[in-house]
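Take a look at the structure below.
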Amino acid sequence: MNAYRADQGGRVERGASVAFSFNGTNLSGVKGDTLASALLANGIHFVGRSFKYHRPRGIMSAGTEEASALLGIDRGQGRYDTNIRATTQELFDGLKAESQHCWPSLRWDMGVLNELGGPVMSTGFYYKTFMWPKSAWEKVYEPIIRKSAGLGRAPRAFDPDCYASRYAHCDVLVVGGGPAGLAAALSASHKGKKVILADEQAEMGGSLLSDTGSLINGEAAQAWLASALATLVERDNVTVLTRTTAVGYYQQNFLGLVERLSDHLRVLDADLPRERMWRVRASQVVLATGAIERPLVFAGNDRPGTMLASAARTYLNRYGVRVGNRPVVVTCHDSAYLAAFDLANAGVGVAAVIDVRDDVPAALLEKAGRLGIEVLGGHTVLAAKGGLLVSAIVVAPVQAGGPARTIDCDALLMCGGWTPSVHLFSQAKGMLSWRDDLGAYVPGRYAQNARSAGACDGRFLLLEALNGGDAAGAGLSDPISDTYTVAEETHSSGISLAALPTSAKPARGKAFVDFQHDVTIKDIRQAVLEGFHSIEHIKRYTTTGMATDQGKTSNLNGLAIASEALGRPIVDIGLTTFRPPYTPTSFGVFAGYSRGDLFDVTRKSPTDRWAEQHGAVFEPVSLWRRARYFPQPGEDMDKAVARECKATRASIGISDASTLGKIEVVGRDAAEFLNRMYTNPWTKLGIGRCRYGLMLGEDGFVLDDGVVGRLAEDRFHVTTTTGGAARVMAHMEDYLQTEWADLNVWLTSISEQWAVIALNGPNTRQLIAPFVEAIDLDKEAFPHMAIREGKIFGVPTRLFRVSFTGELGFEINVPSRYGLAVWERLMEAGAKYDIVPYGTETLHVLRAEKGYIIVGQETDGTQTPDDVGMAWAIGKKKPDFVGKRSLERPDIVAPNRKQLVGLLTEEPRTVLEEGAQIVAEKSASPPVDMIGHVTSAYWSECLQHSIALAVVEGGRARMGEALYVPMPDTVHTVKVVDPVFYDASGERLNV
Amino acid sequence: MSEGFFAGDKPHNPLEGAVFAAGAGPELQLAVGDDCARLSLRIAPAHLDRAIGAFGFDIPSKIGEMSSGAQRSALCLGPDEWLLMAPESEREKITAGFAEIGAQTSHSLVDVGHRTVAIDISGPASAMVLNAGCPLDLENMAVGACARTILDKAEVVLMKLEGEYYRLETVRSFAEFVWKFLSTAGREFEQCRDKTRVTGL
Amino acid sequence: MLLIKCPYCQQERAEVEFSYAGEAHIERPSDPAALSDAEWEAYLFLRSNPRGTHFERWYHIHGCGRYFNAVRDTVTDNFVRTYPAGMPRPSVHDIDDAKT
C-alpha cells in the first residue's frame, strides 16, 4: 500500500496494483489513479521545474487546469508526448513519466541560476536585453534562447498512431458530465431528444466523484450518479462520450470534441485510432463546464506541496490519497473548509485554516472547532517556506501590527474563490457579464442557441446545478426547475482578492500569478508602470495566460492585479479573448485521416497502370500524377526526353492527355454562349470542325485555353487545361447562371468520361487507319482541326485531328474504361512504326519548339492575348466577350508591355533557367532594370540547340537583338527570335 | 462494341480487384458497384413530364429525391439536373427516347457512364464510416434520398438505399482515394474489435 | 464551419459543399464598350467590404451546382437569409424582418 493512501474511501481499486516509473524510479499506484494521484500516494509532490526560473514545482490541481505538473510521457514505440498534465493522465501499467526543464536532474538543476539572476529576468526581459550589439543576436543570444525556450521537448519519431474524425448531429449537445450536465442529458433525452453528452474525464460525474456528503433526492450523491449514468447509457437516443474534451465552439453550434481513445491503455491496437475529432452540429448546446478554483497570490505560493483546496479534497475522496500529514489551509472563501473538514474526518491533522476574512461564518467556526481545527480569521500569509516541499508558512493578522507566527506544514491548500469556466461560451461569441458578488465573469448575452447550467453559470450549489441542468436540458423557460431535492453543505460565499495582503517588501519572494509561464505579481505591476494599460497588452508583455494552460487559473488573478495597479474597475480594463482549443490538442487529431495516401487526392489517368508498369517517372500536375518521361535502362531525363522527341517527329509518339478538362456544351444558344466566353468567334464554326479557344477573365488577362470541337449545331466538346478544368467550369456556370440566364445552354463536365490518347508524328494516320470505323481519315475529308465521331477498336470515339507538337496528330477520345485497352492495342499495333510513349516533359519540349504557350507557364495572370502573340484569336467583329472591354484599359494599351518571344543562347548547349530575369545591358551596375524573364527553356534535340520562350518588354520589336540573362556565376548572352522555332510554315501539320 | 479485335478486353474499373480487408465483419461491408449506363439530363423543370415520357420511368422533381426500379433510376441533383441510371443494355433505348423529344424540347443529355465509379457501403457502421468525411446528417436522411456532397476531399453523389445501405458515385480519378478513405475509416469496425472502444455503436 | 441554407436545395448544408463567390448584385454592364475607364474600373475592382450587413454570392459547387445570394453579417457571421440569383436585393425592411 502506498504511504499516503488512505485505508478506505475513493473510487480506486486498491487491490489492483499498477506499476509505473517516474524519472527512472519504479513506483506503483492502483487502478483508477491518475499519474498525479499515484505520485501523491507515494508522497511525491515535487515533479518538475518551472519554465523560466526553474523553480521546483509540485501538483497544484486535480484536473485539466493544471499549470505546474507537466510531464513528458513515454508510451513506447515512439509515442512520446510533452507537457502532459499529470492530473489528467490516467495511470496504466508500464507508463513512463519524466520531468521537464531540468538538467542534469530534477533535484540538481543548473537552470535555477536563472532565478539567482532574477532581477534581470523581469518582465520584458527578452525585449530589453538582447537589443545590442546586433551581431550578437545570431551567434550568441538566439542559440541560447532557443536552447532554453519552449515547454518540454518535442518528440522526434514519426507518430505511429492513427487518428479519426466523425461528423455527428444531435438535438442537444451537453458539454460536461457533472451534476448539471447529467441532469441536462437526463431531461433532454427523456423528452426524446437525440443527445450527446461529453466529459473530458475518464468517468462521468464531475464534482460528484469527490462528493461524499451530499444527498440527491435522498440518495447518496455517488449512488445517484451511478443510476443516472445507467439510465443514460440505456437510452438509445444518448451517446455518452467520456475522455472527450470540447475544444472549440464555432458558428451555428458547431463544436469540435476530441475523444481520447487509447492514452490510458497499455496495449495498443495499431488499427484503432488514438483520438477522434468529433465535429458536432447541435440544435442546442448545454454548457455544464463547471468552475475552476482560483489560487491565491502570495510569496512562495508555488512551493511543492501547495495546491488548490478542492484538489486536496478530490485526491482524498476520489483517489483515497492524503496530500499530506499536516496540511494548512489558506482561503478567502467558504469552500476550502470542505477540504479541511474531509481531511480531518479522514484522520489527517489539519494544522490550521488561515482565513483572510474577518467574519468567518459561525457555522464553519463551530464545525472546525468540533473537529479540532484552528481557524485564524483576519489573517494573511506573509511567506511560504521550504525547498523541494513546503515546510511552513508565516502568517500574520491582516491589520498591520499583529505578531507574525510560523506554522509548520507539509501541504498548503489554497482557495481564492471560483472562476466559472466560460471558455466555450465566450468562443461562441457570447457576451460575458461581470458579477461583483462572485468576483467573476459569467455568461451574459448568448450569441447562439445555448444555455449554461451549474457552476459555469455562476451557480455553485449542487441543488442549482441539478435543477439548472434539468431546466436547460428540457428547454424550460425558467433557468432552474425544482425536480431535484438536495441535502448539501452550503459553502458558497467568499470574497475576491487580487493578492493576499502583505506587509513584506514586494521584492522579497516571488508571488506567482501564472505558474506555467512564471509570471509574478511584480511583473504585472511593472508592466502597468511601464505604460501598458490594456489587458491585451499586459498579457502579451508579461505573457501571463499565454502558456498551454491558457491562463485557466491565472487570468482572473492577473486581471484583478492589473485593475488594482491601474486604479480602475476590473470591467474597465477588458478581458482577453478565449480562443480554441480549450486544452492542448494534438496535431494528429486535427490532421485526422489526412496522412500518407490520404494526405491529398492523387488522381490517376486511365493509363496510369500501364505507365507505372513501364517505368514512367511521374510528376504532379494539380492533383493528377502524370507520366513525365519513360526512361529506358541507363537513361536520365535528358536522354529519355531527347529520344522521345526524336521518335515522335520521326514516326509516332503516344501520350496520355486524359487529364485535360472537358465540358460538353449543349443547347440552342451554345455557339452564342461560347462567343461570349471566348475571344474567338464560334457561330460560323462548321459541324465537325475544331478551333483553338482563348478564354479571358473580365480583367482581360488570359485565363485558360483549349480546343473546342463542334459535334452538332447545338453541341460542342470543349477542352480546358488540366489545372484549369474546375475553374473554367465554375467561371462558365457563373456567367451562364447569373448574367445570361436567358441563354438556352447546359454544361456537363465530361473530363473523366473520356480517356484521351494523343498520337503525334508522320505515321499516326497509317497506325490508326485499320482500326477506325465510320470515319474517313483522308487528309481532305478529315483535315487538321476537325473532329469526327465513330469507332476505334470497336469502341465509340470522338476523334480529334489536332496537334500540340506541330506534327500530324490525333487525339483519340474513348470512354475512359476503354482507355487502357485502347492504349495497349495502339502500343501493340504501333510496334512496327517504333511507336514511343512520351510524358509531359517531351510534350513541353515539342510544343515549345512550335512556340505554343502553356497557360500558367508563359502566362501568370497578367498577360493579354496580344502579349502572348495571339491577337489573331480575338473575334474582331464580336460586340462583346468576357474581358473585351478590359483590353482597352489604359495600362493594357500602353506601349512597352512584355511580349512573348523566343530566345536562342549564344552558346547553343546552354539551357537557360526558367524564371531567370532578362536585362538589356551585359555589365551595368545595380540597380539594373529587369525587362523580362524566361518562361520556358529546353534542350531541343531536333534543332540541336537550346531554345527558350520568354516575355520581354516590347519584345516583338527586338527581333535579332542581343539580351542578357545574368546568373550567379556568369551572364548568358541570348538573341531574341520568333517564338516558333520549328516548321514555321506548318507544312508538317497539313499532311 | 464490335466483335473480334476487342474481344477479351474488359472495361477497366479503377477499383478493379479492390477488397475491403475488414469486409468479413458484420459491422461494415464495402464493395465496388457494378458498371451501368449513366446519363446526365438537363432540361427545364417545366418540361419534366416530357422527359419522364422519354425515359419511361418516373423522374423526381425535388432536389435530393430519387426514383428507382430494376431497369431505371433517376436522381434529382439540381433544379434542372438529373442523373439517370440504367443497365448498360438499356442505354440506347433511353438515348433514342430523348432523341425523339429533342426536336420540340430543348434539353441536354450527355453520356457520363464512364465518369464515375460506384461504391456500396453497408452494415450497421455504414453511416459512421461515411460520417468520417461526410458532413450530412445521415440518420435524418430518408431512405431513397440522394445528395451530391463531400466525402473528405472528394465530391460524391450519395444515395441512401436502405437504412444501413448506401451507394456513392465518385469521379473515376477520385475513386482510389475514396476507397482508401472508407477502408481506413472502416478499419476500427472489423469483426472482432472490442466494442467498448468503438463509441457510438 | 458555417451552415448555409441553399435556396435551391431548401436545406442547410455544411460550408465545405460551397465556395464563396464575392459580392452580390454587381451586374455585368449590358454594353461594356459604352463605359468610361473609370466606370469599368468600378465594375471590375471596387467592392463595398462593409462591417455588418453584406450581400454576397455563394456557389453550391459540391451540391446542386447553383450560384445564389446571401445576406450575412460580417461581424457575427450570421446569415440573415439566402435567395436565388436574379432576385432583387432585399430591402433594409426585409432584412430586419428576417432577423426577428
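Summary of computed values
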{"quantity": "Karplus 3J(HN,Hα) series, Hz, for the range B:157-165 with 6.51 cos²θ - 1.76 cosθ + 1.60 (x for Gly, Pro)", "calculated": "9, 10, 10, 9, 8, 9, x, 10, 9"}
{"quantity": "Table column - 3J(HN,Hα) (Hz), the range A:382-399, Karplus curve with 6.51, -1.76, 1.60, x for Gly and Pro", "calculated": "8, 6, 10, 10, x, x, 8, 8, 4, 10, 6, 10, 9, 10, 7, x, 4, 5"}
{"quantity": "Listed peptides A:456-467, A:534-545, A:760-771 by packing density, highest first (mean Cβ within 10 Å)", "calculated": "A:456-467, A:534-545, A:760-771"}
{"quantity": "Largest-first ellipsoid semi-axes for the range A:13-116, taking √(5λ) over the Cα gyration tensor eigenvalues, angstrom", "calculated": "24, 14, 12"}
{"quantity": "The range A:186-301: Cα Rg divided by the 2.2 N^0.38 Å rule of thumb", "calculated": "1.27"}
{"quantity": "Rg/Rg_globular for the range A:899-991, with Rg_globular taken as 2.2 N^0.38 Å and Rg from C-alpha atoms", "calculated": "1.11"}
{"quantity": "In degrees, nearest ten, helix A:221-234 long axis to first principal axis of chain A (Cα)", "calculated": "30"}
{"quantity": "Distance between the range A:165-183 and the range A:539-594 - C-alpha centres, whole angstrom", "calculated": "25"}
{"quantity": "Estimated 222 nm signal from helices in chain A, with DSSP H stretches of n ≥ 4 weighted -39500 (n - 2.57), rounded to 500", "calculated": "-6000 deg cm²/dmol"}
{"quantity": "Descending semi-axes in Å of the range A:415-519, equivalent ellipsoid built from Cα gyration tensor", "calculated": "33, 18, 10"}
{"quantity": "Rounded Å value of the spacing that divides the Cα centres of the range A:870-900 and the range A:27-59", "calculated": "74"}
{"quantity": "Square roots of 5 times each gyration tensor eigenvalue, C-alpha, chain B, largest first, Å", "calculated": "33, 21, 13"}
{"quantity": "Distance between the range B:94-164 and the range A:275-346 - C-alpha centres, whole angstrom", "calculated": "53"}
{"quantity": "Shape box of chain A [Cα atoms, principal axes, largest first, Å]", "calculated": "114, 70, 56"}
{"quantity": "Amide H within-cut-off set for B:Ala145, under 5 Å, with H built and near neighbours excluded", "calculated": "B:Lys160"}
{"quantity": "23 Å Cα-Cα threshold exceeded, pairs from B:Lys160/B:Lys180; B:Lys62/B:Lys153; B:Lys160/C:Lys99", "calculated": "B:Lys62/B:Lys153; B:Lys160/C:Lys99"}
{"quantity": "Spread of Cα-to-Cα distances over 10 Å intervals beginning at zero, given as percent, for the range A:1-52", "calculated": "25, 53, 17, 5, 0"}
{"quantity": "Anisotropy class of the range A:233-281 from Cα gyration tensor, a/c 1.5 cut", "calculated": "oblate"}
{"quantity": "The range A:936-991: GluC sites (Glu not before Pro) falling in loop per DSSP and having at most 10 other Cβ within 10 Å", "calculated": "A:Glu987"}
{"quantity": "Translational D in µm²/s for chain C (Stokes-Einstein at 25 °C, 0.890 mPa s, Kirkwood Rh from C-alpha pairs)", "calculated": "168"}
{"quantity": "q = 0.13 Å⁻¹, the range A:655-846: log10 I(q)/I(0) [Debye, one scatterer per Cα]", "calculated": "-0.68"}
{"quantity": "For C:5-14, mean number of other protein chain Cβ atoms within 10 Å", "calculated": "4"}
{"quantity": "Per-residue HN-Hα couplings for the range A:692-697 [Karplus 6.51, -1.76, 1.60; θ = phi - 60°; Hz; x = Gly/Pro]", "calculated": "6, x, 10, 10, 10, x"}
{"quantity": "Nearest 10 degrees, 0 to 90: helix A:555-566 Cα axis against chain A principal axis", "calculated": "80"}
{"quantity": "Long-range tail of P(r) for the range A:262-353 (Cα pairs > 16 Å, %)", "calculated": "67"}
{"quantity": "Histogram of C-alpha separations across the range A:307-429, 10 Å bin width, %", "calculated": "13, 43, 30, 10, 3, 0"}
{"quantity": "Net +/- balance of residues flanking A:Asp211 in space, Cβ distance below 14 Å, scoring K and R +1, D and E -1", "calculated": "-2"}
{"quantity": "Fraction of beta bridges assigned by DSSP in the protein assembly as shown that are antiparallel (%, nearest 5)", "calculated": "80"}
{"quantity": "Cα centre as origin, Lys/Arg/Asp/Glu Cβ charges: the range B:37-111 dipole, Debye", "calculated": "40"}
{"quantity": "The range A:567-645: mean projected area of Cα convex hull, nm²", "calculated": "11.5"}
{"quantity": "Sequence-distant residues sharing a close amide H with A:Phe618 (under 5 Å, placed H)", "calculated": "A:Arg628"}
{"quantity": "Protection proxy ranking of B:164-172, A:319-327 - average other beta-carbon atoms within 10 Å, highest first", "calculated": "A:319-327, B:164-172"}
{"quantity": "Cα gyration tensor shape of the range B:37-111, rounded if a/c is under 1.5, else prolate or oblate by comparing a/b with b/c", "calculated": "oblate"}
{"quantity": "Relative exposure of A:His517, B:His12, judged by other C-beta atoms within 10 Å (fewest first)", "calculated": "B:His12, A:His517"}
{"quantity": "Whether the range A:681-775 is rounded, prolate or oblate, judged on the alpha carbon gyration tensor where a/c under 1.5 counts as rounded", "calculated": "prolate"}
{"quantity": "Number of partner chain Cβ atoms within 10 Å, mean per residue of B:137-144", "calculated": "2"}
{"quantity": "Under-5 Å amide H pairs with B:Gln29, H placed in peptide plane, nonlocal only", "calculated": "B:Ser122, B:Gly123"}
{"quantity": "Scaled radius of gyration (Cα, divided by 2.2 N^0.38 Å) that the range A:796-912 gives", "calculated": "1.46"}
{"quantity": "Stokes-Einstein D for the range A:939-990, Kirkwood Rh over Cα pairs, 20 °C, 1.002 mPa s (µm²/s)", "calculated": "166"}
{"quantity": "Crossing angle, helix A:725-738 versus chain A [Cα axis fit, 0-90 degrees, rounded to tens]", "calculated": "90"}
{"quantity": "Highest to lowest packing among A:799-812, C:42-55, scored as the average C-beta count within 10 Å", "calculated": "A:799-812, C:42-55"}
{"quantity": "Shielding score for B:150-159, defined as the mean number of other chain Cβ atoms within 10 Å", "calculated": "3"}
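Bear in mind that the values in this text are calculations on the coordinates, not laboratory data. Given the structure is predicted, the values throughout are model-derived calculations rather than measurements. Using ideal geometry, Cβ is built from the backbone for each residue, glycine included, and neighbour counts are taken over all protein chains shown.
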